[in-house]
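The values are calculated or read from the model by the stated rules, or taken from the named source; none is laboratory data. Here the structure is a predicted model, which is why all the values come from computation and not from measurement. All Cβ positions, glycine included, derive from the backbone under ideal geometry; neighbour counts span all protein chains shown. All accessible areas refer to the heavy atoms of the entire protein, side chains included, with ligands and DNA or RNA removed. Shrake-Rupley method; radii C 1.70, N 1.55, O 1.52, S 1.80 Å.
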Amino acid sequence: MEPKKAFSIFLVTTLLAISIFAAGCTDIKPEPYIEDTATATATPNATANVTPEPTEVTPTSTAVPQEYLIRITSYMFIPVGDKEINVGDTIKWRNFENSKQARYLVNENGIWEEEQYLPYMRYVSHTFNETGEYTFYLKGRDTKVLTITVV
């Protein structure tokens with residue numbers, strides 16, 4: 001067989017194998033990281049020259065509960081650093097360990113009665129309905145603490 005023909009067959013076979021592998025990985029949907037920044041956009045007032053009638057304003061909560069993802073990888077919480085969230089928000093911890101090892105999530109504030117077992121690619125979530133500070137760490141790595149402050 002000619003070297004060019006053999007190389008072409010090898011190249012086509014390799015590309016086909018990569019395509020099949022990539023197609024098999026589509027059932028895992030990436031989840032967004034926690035974003036700590038909020039953006040507000042101001043809109044110009046089209047009726048700037050018109051004086052509006054005074055109205056009574058009743059304060060209402062317009063905050064929509066958010067869900068945040070914290071990835072567990074290399075015995076670390078990603079994104080790194082403590083988090084501040086609002087009452088009603090949900091945190092989801094998901095095991096993305098490269099070694100595909102299970103991890104145990106521990107909370108010292110009594111959210112769970114026992115540590116949470118997290119096999120590879122599984123998650124546990126909690127909705128925070130009370131203000132306060134909550135600390136979390138991974139069993140075996142209690143020096144890497146994640147503090148979530150609920151306001």
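Identify all residues within region 86-101 that are of a type outside the set (Lys, Arg) and exposed (fewer than 12 other Cβ atoms within 10 Å of the Cβ); write none if there are none.
Step one: of region 86-101, the residues of a type outside the set (Lys, Arg) are 86-91, 93, 95-99, 101.
Hits for region 86-101 are ASN98, SER99, GLN101.
Name the residue that is farthest from VAL150 (Cα to Cα), counting only residues in region 72-85 that are of a type outside the set (Val, Ile, Thr) and open to solvent by 40 Å² or more (accessible area, probe 1.4 Å).
So the residue we want is SER74.
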Checklist outcome for this item: Of those in region 125-144 that are surrounded by 15 or more Cβ atoms within 10 Å (Cβ to Cβ) and within 19 Å of GLN66 (Cα to Cα), the residue farthest from the chain's Cα centre (by Cα) is TYR134
